[in-house]
Amino acid sequence: MPIMAALTKNMRVGADFGRRASRDLTQRRQQTHSLHSREQHLDSALAWLAKAQDISGDGGVSYGYSLRGGWLPAYRETTGYILETFYDAAAQLDRPELAERAERAARWVLQIQNPDGGIANLKYGPDGIVFDTGQCLFGLVRAFEETGDEAFLVGARKAGQWLVEALGTDPMWVKHEHMGTPHVYNTRTAWALLRLNEIDPNDAWVKAARTNLDWAIASQQVSGFFNNNAFVKGDSPYTHNISYAICGLQESGWLLGDEAYVASARRCSDAALAHMAADGFIPGQISPDGVARARYSCLTGQAQLAIAWGRQVEHGGPAHLADAARRSVGFVMRHHVIESGPEAARGAVAGSFPIWGRYAPASYPNWATKFFADALLQEMSS
């Protein structure tokens, strides 16, 4: 990039960050409600996800937009489950063009899948990573269900076999794990294997899933939260990680008809709910012993917790959880900018509120917007 063009871009990006930081500093948590309807927020979020896919130009969905570097390349892990959101929205909103986007993303996942079935994050090398592979498995299973194309089933089986072999005889995934550390939030990978089992019944998928799920619930503390659930060993997990663990456990429990997994998830989600303020704010990090370790919100985790509570209500959980879900979504809505700020970020959900919070600072990661859209779709269908 020519020097003057690079300087101009840096100045623009710096100005974008300054404006958003100033807005967040002024607003903090003073606003009590969103200025837009849930339908407007959903339309804007879906439009941004479509834009993020178009930006990549190959079917994958851009990692997101950074106020420090602009648009980023397609991100494999999250493209795998964003395509599920496109399918869900296509059906619920009668928007077939979103189903076309989903299939395009699924075919891109097949293209970037390693011959051995794993999905790599090239930032860490060419070999597959357990969590990334699990999240892409969700997309391949769903694409097969929607299209009947055997290519997606073949890709899903390869991913499942790779995950089984990566687990081996261990009680949890350690090999091919991010940072070389086992993570409880791989309950979401176990859930992906159980989704595969729905279209391709195989005792190997179920055995591997149960093995990891059993290790996860053994890691639960008296507080309700889990050890071994942060990205980095010894850190306090983000609500993003916590929500992954909850959803993986409860969805797996419902698929297996095993109340132990559902009960474990409920203990953790109840513990998280105890941290919610009246305005819906939840601290972005909570330690395994149940102590809040942040004064900012991880907006992704807020949306994911809303999904977890909403799903519990759908499965007969207490009615007050529906209110908890609405409050958590409402908090994200109040900090979802759809009409102002940099054009590339309009409709996207920031990693943190305020924007300089520790989780994905100064950026709009695509999965934050994905889970926000999922939470809105869930609430609007109830």
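The values are calculated or read from the model by the stated rules, or taken from the named source; none is laboratory data. Just so we're clear, the structure is a prediction, and the values are computed from it rather than from any experiment. Here the Cβ is made from the backbone with ideal geometry for all residues, glycine too, and neighbour counts use every protein chain on show. Areas reflect the complete protein model, heavy atoms only, side chains present, ligands, DNA and RNA absent. Shrake-Rupley method; radii C 1.70, N 1.55, O 1.52, S 1.80 Å.
Per-structure values
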| quantity | calculated |
| --- | --- |
| Conditions (1) more than 25 Å from V337 (Cβ to Cβ); (2) not in a helix (DSSP H, G or I): number failed by Y65 | (1) |
| Matching option when the condition is buried (at least 21 other Cβ atoms within 10 Å of the Cβ) and either among the small types (G, A, S) or over 18 Å from A230 (Cα atoms) (or both), among G117, G148, G180, G125 | G117 |
| Matching residues in region 34-64 - criterion: being closer than 19 Å to K123 by Cα, hydroxyl-bearing (S, T, Y) and open to solvent by 10 Å² or more (accessible area, probe 1.4 Å) | S56, Y63 |
| A50 being at pLDDT 95 or above and out of contact with any Pro (no Cβ under 9 Å at 6 or more places or on another chain) | yes |
| Filtered residues of region 78-102 (kept if in a helix (DSSP H, G or I) and surrounded by fewer than 21 Cβ atoms within 10 Å (Cβ to Cβ)) | D88, A90, A91, Q92, L93, P96, E97, A99, E100 |
| A159 vs. criteria out of contact with any His (no Cβ under 6 Å at 6 or more places or on another chain), of a type outside the set (S, T, Y) and crowded, with 21+ Cβ neighbours inside 10 Å | yes |
| Members of region 171-200 found to be among the hydrophobic types (A, V, I, L, M, F, W, C) and either outside any helix (DSSP H, G or I) or at pLDDT 95 or above (or both), listed by number | M172, W173, V174, V184, A190, W191, A192, L193, L194, L196, I199 |
| Qualifying residue in region 146-158 (condition: part of a loop (DSSP other than H, G, I, E, B), farther than 26 Å from I246 by Cα and not hydroxyl-bearing (S, T, Y)) | yes |
| Given (1) open to solvent by less than 10 Å² (accessible area, probe 1.4 Å); (2) over 23 Å from P361 (Cα atoms), number of the condition K207 does not satisfy | (1) |
| Residue in region 47-61 that is closer than 18 Å to A360 by Cβ, in contact with a Lys or Arg (Cβ under 8 Å, 6 or more places away or on another chain) and part of a helix (DSSP H, G or I) present | yes |
| Which listed residue is of a type in the set (S, T, Y) and in contact (Cβ under 8 Å) with a residue 40 or more places away in the chain, from S223, S219 | S223 |
| Residue count for region 169-179, restricted to those that are under 21 Å from the mean Cα position of the chain (by Cα) and more than 26 Å from A260 (Cα to Cα) | 3 |
| Number of the condition not met by T26 [criteria: (1) over 19 Å from the mean Cα position of the chain (by Cα); (2) modelled with pLDDT of 95 or more; (3) not charged (D, E, K, R)] | (2) |
